Amino acid sequence: MSLEELKAKYLWAMEETYYRGNVDALDKLYAPDAIIHQSPFPDIKGLGAYKQYILEARQAYTDIHFDWEEMVGEGSTMGLRATWHMRHTGVSPKVPVPPTGKELVMRGGFFVHLKNGKIVEVFEYKDYLSFLQQLGAIQPLKV
């Protein structure tokens, strides 16, 4: 699969999953035993667990939209940089803050590793400090 094909497939799967709730779209992109590293949170192990994570995220955050700023790749690795926009309308098991109704922005990136055309490992790097500050869970830093 070429980098351009992978980019298109990845964008389709993310939009299908997060915008429409069709988590089964991930079957075309992720290996069943894929691992998603999300520091500072525990790893998500397996496609089934990742699907559950996304369904829970969609209950806590609505009006989700991605801005994909960069997508680059070499060999079996792809790097992405993106901004997520969402509204906080529910309680996330990962960040159990009561719904605020606020529009939130999270910036971050991923390194995606593939084997046999499927994603087997993802390293996510997101600005959780800013995100938690927007939610009011952490006070803004005073510099």
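Read-outs throughout are calculated quantities, based only on the coordinates presented, and are distinct from any laboratory measurement. Everything numeric in this text was worked out from a predicted model, so none of it was measured. We place every Cβ from the backbone using ideal geometry, glycine too, and count neighbours over all the protein chains shown.
Structure values in brief
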| read-out | value |
| --- | --- |
| Pairs of alpha carbons in the range 90-143 whose separation is greater than 13 Å (percent) | 69 percent |
| HN-Hα J in Hz across the range 127-139 - Karplus 6.51, -1.76, 1.60, θ = phi - 60°, x for Gly and Pro | 7, 5, 4, 4, 4, 5, 5, 4, 6, x, 6, 9, 5 |
| Farthest positive-ward along the chain dipole, Cα basis, beta-carbon charges - from Ile64, Pro93, Ala31 | Pro93 |
| Tilt relative to the chain, helix 47-60 - C-alpha long axis, 0 to 90 degrees, to 10 | 30 degrees |
| Value of relative contact order over the range 78-143, rounded to a whole percent, pairs C-alpha under 8 Å and six or more apart | 28 percent |
| Kirkwood-based shape ratio for the chain, expressed as Rg/Rh from alpha carbons | 0.96 |
| Using alpha-carbon coordinates, inclination of helix 3-14 to the longest axis of the chain, degrees | 40 degrees |
| Rounded to the nearest 20 debye, dipole of the chain from Cβ charges on Lys, Arg, Asp, Glu | 360 debye |
| Unit charges at the beta carbon, dipole of the range 3-135: most positive-side option, Gly79, Pro42, Phe111 | Pro42 |
